[in-house]
Every structure is written in C-alpha cells, then in structure tokens.
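Nothing in this text is a laboratory measurement; each read-out follows from the coordinates by a stated rule. Keep in mind that this is a model prediction, so the values were computed, not measured. Don't worry about glycine lacking a Cβ; one is built from the backbone with ideal geometry, like all the others, and counts go over all protein chains shown.
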Amino acid sequence: MSGVLWKALILVAGTVLISYAASAADETPFRIALFSAVVTPPLGHPLLGGTTTPPPAHAIDDPLSAKGLVLLGGEQPIVLVSIDWCEIRNDAFDRWRDVLAAAAGTNRECVLVTAIHQHDAPLADLEAQRILNRSPLGGTIIDFDYHERCVQKTAEALQAGLKAARRVTHFGTSQAKVEKIASNRRYLDARGQPHFDRSSMSGGDKLKADAPEGEIDPFLKTLSFWDGDVPVCGLHVYSVHPMGRWGS
C-alpha cells in the first residue's frame, strides 16, 4: 500500500520538476493549496463497519481529520486527501472524488482519496448500507447524513484553501528508518516453526512482541514542497496497521 501511494506521490511531484526545469524560479506556474476538515463521527456511530469490536463511538480522545492539498499549474488541478477513517469503499469513494473534483475544478481521475485505516474509526460504504436498509436484518455501517456532511465540509475547506494557494518552486524527498513499530505477521516460535497470527492485538504476547520485525518496508518516506528555501508542506508515507484504543 505504501509503495503504491509513494509512487503516485512521486509522479505528482515529477510534474513540478519537469516543468520547473524549463523555467526560472520566479516564473514557476505551480501553486499548492492546503485544506483540512474535521470528520469525527457523532457518539453512538458505528466503527469498523458496525462490528462489536470496537463498539460504537462512545468517547472522543482526538478529532478525526481529512487533510489534503491541491496542486495547481498542470493540465488539471491534482487533489490528494488523507482521511482518518478505516476504509472508503465503492460509491462512497466515488462520492468523495466527484465532490472534491468539482470543488477543485478538475476531474475524478485527478483526485486521490486515501484512508488511514485505523480500526476504531468509521468505514464508509454507501451501497452496502443501502443493501442493509433493504434487508430485514437491518444494521448500520455508515450514516448517510454524517457521510455527506463530511464530504461537503471537506469540499468547502478545499475551496477556502484555494484562496491562499502558495507558490511551489521545488520538491524534496527523504526517508528515515522506523524501528519496533510495524512488523510482518509471520514469525518463528522457539522451535523455529512459522506462524502467521501476529495481529494488531498481539502486544500482550511476549513471544510475538519479541520476535524480529520480519520482512517489511521499514522506512518513513517524506515528499516535501518548497517555495525557494521556505517549506510549504510535507507528505509522509509509512506502512503500518494503526490502532488507537482497540476494543475499549
């Protein structure tokens, strides 16, 4: 996941580099607009698609956000947004892209929407919710009104950010190794036998916790945008299965 996203971000930055190489810094046509909106669910809203673990939202430790940027100056504006939700599926994914594309004056293909994937957060799948609504079993995955409010709030934040777009003349890439955070699910026991059950809830198991990290991408990668020697924004990519207060 992180590798695919990282390649996509580098392609975006490459459009800046290629065009900038043919023009002076004070003539660069590129600008970046930043935006952020709060997308925290109301108390009682289901998390992880309506499972019992975690239970529905019953406290707010930290607000959930949709944070993104719009890169201006190419053939079409490019929108990147990262959302503190578990997943955004099917027509919910299309809804986010269509609304943000309209707000930025671009098309759906130029909008990249990503979900952080922590489990104690909403999971959006509008068609799955419609199926449940037609079923005698019922159940709630996502509240339609809440979902649409988040989409529209984020689009409004994007449009407000466009008014304060900053010039971009350079981009930079960097990486740093992260230790003892992510791990492969596969590990060996004391007899050298392989197991594949190291999950996000294995912190209390000393054997699993002490086992080597295994084959992973250990690097936190950063793509930064600059106006001369002044940083405008930085995008960070790291592959891990994040948890908050899982099941509590």
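Brief remarks follow.
- Euclidean distance of C-alpha centroids, the stretch 32-104 and the stretch 155-205, integer Å: 17 Å
- Two-decimal ratio, the stretch 169-229, of alpha-carbon radius of gyration to 2.2 N^0.38 Å: 1.65
- Couplings for the stretch 236-241, taken from phi via the Karplus curve 6.51 cos²θ - 1.76 cosθ + 1.60 with θ = phi - 60°, read 10, 10, 8, 8, 7, 9 Hz in order; Gly and Pro are left as x.
- Prolate/oblate/rounded call for the stretch 73-232, Cα gyration tensor, a/c under 1.5 rounded: oblate
- The stretch 58-110 - convex hull of alpha carbons, volume per residue in Å³: 89 Å³
- Stretch gain in nm, segment A209-T52, where the contour uses 0.36 nm per residue and the Cα spacing is subtracted: 54.0 nm
- For the stretch 19-162, the normalised intensity computed at q = 0.21 Å⁻¹ comes to -1.23 (log10 of I(q)/I(0), Debye sum over alpha carbons, equal scatterers, no solvent).
- Cα gyration tensor shape of the stretch 102-152, rounded if a/c is under 1.5, else prolate or oblate by comparing a/b with b/c: prolate
- Estimated inter-spin distance, E148 and N133, nm [label 7 Å along Cα→Cβ]: 0.9 nm
- Ellipsoid equivalent to the stretch 67-152 - semi-axes via the Cα gyration tensor, in Å: 27, 14, 9
- Here the spin labels are modelled as points 7 Å beyond Cα on the Cα-Cβ line, and at D91 and Q175 they lie 4.0 nm apart.
- Charge tally for D91 (other residues, Cβ to Cβ under 11 Å; Lys, Arg +1; Asp, Glu -1): 0.
- Backbone amide hydrogens, once placed in the peptide plane, bring D227 within less than 5 Å of T169, V232, excluding anything fewer than 5 places away on its chain.
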